[in-house]
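What follows is calculated from the coordinates using simple rules that are stated; it is not laboratory data. All values reported here derive from a predicted model rather than from experimental measurement. Here the Cβ is made from the backbone with ideal geometry for all residues, glycine too, and neighbour counts use every protein chain on show.
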Amino acid sequence: MPGRTAIGLDIGTSGVRAAELSYGRDGITLEKFGQVALPEGAVRDGEVIERGIVVDALKALWKGSGLKGKHVALGVANQRVVVRQIDLPWMSPAELKNSLALQVQDYLPMPVADCVLDFHVTEEVRDGAGRTLRGLLVAAPREMVMANVAAVQAAGLRVTSVDLTSFAVLRSVGRPHSEVATEALLDIGARVSNLVIHSAGQPRFVRVLMMGGQDVTDAVAERIGVPAFAAEAIKRGQVDGLSDDEVQLARSAVDLMLEVFVDEIRGSLDYYGTANPAFPVERILVSGGGSILEGISERLSAVTRRPVLAGDPVSGCRLGRTGLDEHQLTTVQPLAAVPIGLALGVVS
């Protein structure tokens with residue numbers, strides 16, 4: 001049994017999820033995975049609103065899943081998070097860390113003192129003027145990050161790192177040695193979705209979209225006047241007891257929201273393609289709870305004219321004593337991309 005472990009924690013709109021990895025000479029093993037549902041409103045757009053509810057959910061998650069460690073890598077994703085490609089003068093990693101706040105203020109719409117900053121170097125550029133560092137600047141509002149950290153700490157856990165969930169998806173679903181040169185990864189959450197385009201593991205484009213599967217549920221609930229839990233079941237094809245008219249209304253609501261969502265993805269891919277003609281997206285890998293919605297992959301493929309496949313965040317890990325049977329593992333696989341990717345960030 002490897003002696004070192006890492007836990008990735010995803011606080012999402014619909015639930016809290018955690019994955020524990022162990023790592024050693026035999027590779028990386030998925031030891032535990034668990035999730036606990038959250039009521040609507042406890043987390044809004046990636047930010048903890050009802051701390052007590054989230055704290056109770058985290059305690060239940062640790063108790064019910066057999067998670068042992070207390071140190072976690074926490075993910076953040078929010079419409080207020082800025083992700084921007086920039087070039088900086090070449091410097092050593094230590095110099096970059098110490099001077100980043102001074103280097104990036106002009107790129108941010110908010111005071112740098114109010115941000116948690118990171119810079120992900122993607123390449124070194126050499127030209128007649130010398131060397132520069134090209135990469136992705138990530139800036140998250142400090143108050144939002146600290147609200148989530150405070151909830152985790154109140155549950156008796158310790159946050160050792162904070163990471164953008166988009167990068168977590170890249171680690172768990174993207175493959176540096178893929179058979180395609182450039183691919184898009186789309187993790188569809190309840191309210192927040194992550195789109196990452198990478199070449200051989202290096203991110204080229206990141207976008208956080210404030211849309212997801214819950215928006216489809218809401219549309220169904222509003223269209224036929226049923227509670228959210230009933231609309232969720234109807235969205236997944238459970239239409240017993242509905243009239244033909246209600247079924248038609250529900251399907252039209254799902255179709256409309258899927259059309260809006262797919263158009264957002266197409267627009268993002270078109271924007272990326274215009275700026276990066278040398279690195280065209282060849283395929284799309286989808287993950288997240290929203291990716292299992294019937295018809296979404298086919299719609300994405302038809303509109304973007306690219307193959308759409310299911311991402312597999314578990315394939316890079318051996319399976320330990322997770323406590324999950326084969327059916328449960330298949331069910332949770334789409335939901336595991338972010339927590340596994342966060343834990344992989346610690347491992348790497």
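Descriptive notes on the structure:
- Debye, to nearest 20: dipole size of the range 253-348, +1 on Lys, Arg Cβ, -1 on Asp, Glu Cβ: 360
- Remark: the Cα gyration tensor places the range 82-140 in the prolate category, a/c being 1.5 or greater and a/b exceeding b/c.
- Taking the number of Cβ atoms within 10 Å of each Cβ as an exposure proxy, the fewest-first ranking of V36, V81 is V36, V81.
- Neighbourhood net charge (13 Å Cβ-Cβ; Lys/Arg +1, Asp/Glu -1) for V247: -2
- Net charge dipole size for the chain [Lys, Arg +1 and Asp, Glu -1 on Cβ; Debye, nearest 20]: 1260
- Assigned charges on the beta-carbon of Lys, Arg, Asp, Glu; the range 82-140 dipole about Cα centre (debye): 60
- Computed [θ] at 222 nm, deg cm²/dmol, the chain (DSSP H ≥ 4; -39,500 (n - 2.57); rounded to nearest 500): -11500 deg cm²/dmol
- Measuring between their Cα centroids, the range 272-348 and the range 92-116 lie 32 Å from each other.
- Beta bridges per DSSP with both ends in the chain, % antiparallel, nearest 5: 75
- Ranked packing of 184-196, 37-49, most packed first, by mean Cβ within 10 Å: 184-196, 37-49
- Amide H contacts under 5 Å for G15: L38, restricted to partners 5 or more places along the chain or on a different chain, H placed in the peptide plane at 1.01 Å from N.
- Dipole of the range 156-237 computed with +1 at Lys/Arg Cβ and -1 at Asp/Glu Cβ about the Cα centre; of A228, I197, T160, farthest Cα towards the positive end is T160.
- Electrostatic bookkeeping for G66 treats Lys and Arg as +1 and Asp and Glu as -1; over the other residues with beta carbon under 10 Å from its beta carbon, the sum is +2.
- Our summary gives the range 82-140 a relative contact order of 49 percent, counting only alpha carbon pairs under 8 angstrom and 6 or more residues apart.
- Residues I86, I292, I11 in ascending order of nearby Cβ atoms (within 10 Å, fewest first): I86, I292, I11.
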